[in-house]
Amino acid sequence: MTAAPVRYSPAVETVQPDEKETQAGLNETFDTILETTAHDYGHAVRSVHAKAHGILEGTMRVHEGLAPELAQGLFAKPGEHKVFLRLSTNAGDILPDAISLPRGLALKVLDVEGERLPGAEGTTQDFVMVNGPVFQTKTADQFLGNLKMLAKTTDRLEGTKTVMSSVLRGVSKALETVGIESPKLQSLGGAPNVDPLGQTYYSVTPFRYGDYIAKFSIVPVSADLTELEDKEIDATDRPNAIRETVQAEMRARRGVWELRVQLCRDLERQPVEDPTVEWNEEEAPFQTVATITVDPQDSWDERRVRAVDEEMRFSVWTGLAAHQPLGNINRARRSAYQHSAEFRARFNRCPIHEPA
Ligand code: HEM
């Protein structure tokens, strides 16, 4: 039997004294990446997860009859919401897809009712996820250390990254030959070049879940998606192979994903301040609260790409007070995402729009 979920209170977070300095350091380092890529492309892109591989539009149905501890925040009221999804890989520059990188999935749920997080524009709830359950660093300060290294490589390491990834195909040996330890390089390539439509995505970091605390996941469930689970994409000589593959697949497939919630049941074993710790699924199981459906469509439709990839931003801080991002890493994301989006808006002379 699983333990009862832990109740949320502000005391579940521990704010460090130097967080403001780290956040300023992040923005300063992101500026190096943003300015380099904007200069190279003549167009500003996200400082992380710059390359989109598909933009999808669909609906999310919040299930009826959820248990009281699951019927919280956005999920308190059953019903349908329009959603946008953006598939990405995590580099801050636009790299050829032969460099195999972790996948990202951003979800924007429209027309959400309830008190907003401080400064949250619009009426949407964003979820920002990757295809692995843990983050590479415990604190934003450590992340800043890695980012400084990456910032130096933006623009210069493309050749090295390409070579590494083709040599590596999933292993980390060659990383040492270029003088970088493998944990740092996980985010630089070497993972199998998986089809993003077959992957399970995780919020990695925890959030307030109304009266409770939770991590989230998005899991493919329709056969059209699950049969892509182990599919690898051959990106040899095809710089946009992922985008092309997703486009061909989504023309004929119906994507159905479940949105699941992993309630925290023990603050020691499922810590709030350390996203390098995976919350054991036996002790804290994921439970389904909503279903996302995407009908066959053009996943690289020019108008939708413009509206979502260019004119929108996704941030865990765009949403309800009931889903406040928790922990050191999440606190640091607040100004970083805003800063990156503001740079894009300014450089591209195109304001960021929240869908009405
Ligand atoms: C201190 C930690 C982190 C920092 C400083 C950071 C920073 C950023 C920034 C600046 C952006 C670009 C925002 C924009 O221009 O719109 C971004 C996007 C993104 N980040 Fe993070 N991030 C952090 C942690 C995480 C974590 C833990 C995850 C895993 C869930 C994650 C996943 C993503 C994804 C998927 C995107 C792309 C969102 C989109 O499609 O628009 N990040 N991040």
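The values are calculated or read from the model by the stated rules, or taken from the named source; none is laboratory data. Please read these numbers as outputs of a predicted model, since none were measured by experiment. Please note: Cβ atoms are built from the backbone with ideal geometry, for glycine as well, and neighbour counts cover all protein chains shown. For the accessible areas, the whole protein counts, side chains as well, though only heavy atoms, and no ligand, DNA or RNA atoms are used. Shrake-Rupley method; radii C 1.70, N 1.55, O 1.52, S 1.80 Å.
In table form, for the structure just shown:
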{"read-out": "Solvent-accessible heavy-atom area per residue, rounded to whole Å², over segment 10-348 at 1.4 Å", "value": "42 Å²"}
{"read-out": "Extreme residue, positive dipole direction of segment 10-348, given options P78, A11, Q338 (C-beta unit charges)", "value": "Q338"}
{"read-out": "Qualifying trypsin sites (Lys or Arg not before Pro) for segment 268-356 [loop in DSSP, other Cβ within 10 Å: at most 10]", "value": "R349"}
{"read-out": "Share of carbon and sulfur in the accessible heavy-atom surface of segment 10-348 [1.4 Å probe, %]", "value": "49 percent"}
{"read-out": "Restricting segment 2-82 to GluC sites (Glu not before Pro) in coil, as DSSP defines it, with at most 14 other Cβ within 10 Å", "value": "E64"}
{"read-out": "Long-range tail of P(r) for the chain (Cα pairs > 40 Å, %)", "value": "8 percent"}
{"read-out": "Sites E80 and D40 - FRET efficiency at Förster radius 41 Å, r taken between beta-carbons, to 0.05", "value": "0.50"}
{"read-out": "Most fluctuating residue given options L228, L259, L101, as computed from a GNM of the chain linking Cα atoms under 10 Å", "value": "L228"}
{"read-out": "Simple spin-label estimate for T288 and D111 in nanometres, 7 Å along Cα-Cβ", "value": "2.4 nm"}
{"read-out": "Dipole of the chain [Lys/Arg +1, Asp/Glu -1 at C-beta], most positive-end residue of F127, T29, N280", "value": "T29"}
{"read-out": "Segment 1-98 - Debye-derived log10 I(q)/I(0), Cα point model, q = 0.14, 0.25 Å⁻¹", "value": "-0.93, -1.18"}
{"read-out": "Distance (nanometres) between label positions extended 7 Å along Cα→Cβ at A307 and R61", "value": "2.3 nm"}
{"read-out": "Residues S9 and T226, FRET efficiency given R0 of 35 Å [Cβ-Cβ distance, rounded to 0.05]", "value": "0.35"}
{"read-out": "A356-E121 pseudo-label distance in nm [points 7 Å out on the Cα-to-Cβ vector]", "value": "1.5 nm"}
{"read-out": "Computed helical MRE - 222 nm, the chain, DSSP H runs ≥ 4 contributing -39500 (n - 2.57), nearest 500", "value": "-8500 deg cm²/dmol"}
{"read-out": "Rounded to the nearest 20 debye, dipole of the chain from Cβ charges on Lys, Arg, Asp, Glu", "value": "420 debye"}
{"read-out": "Zone of R251's modelled label, taken as backbone nitrogen in segment 285-322 under 20 Å from a point 7 Å along Cα→Cβ", "value": "294-306"}
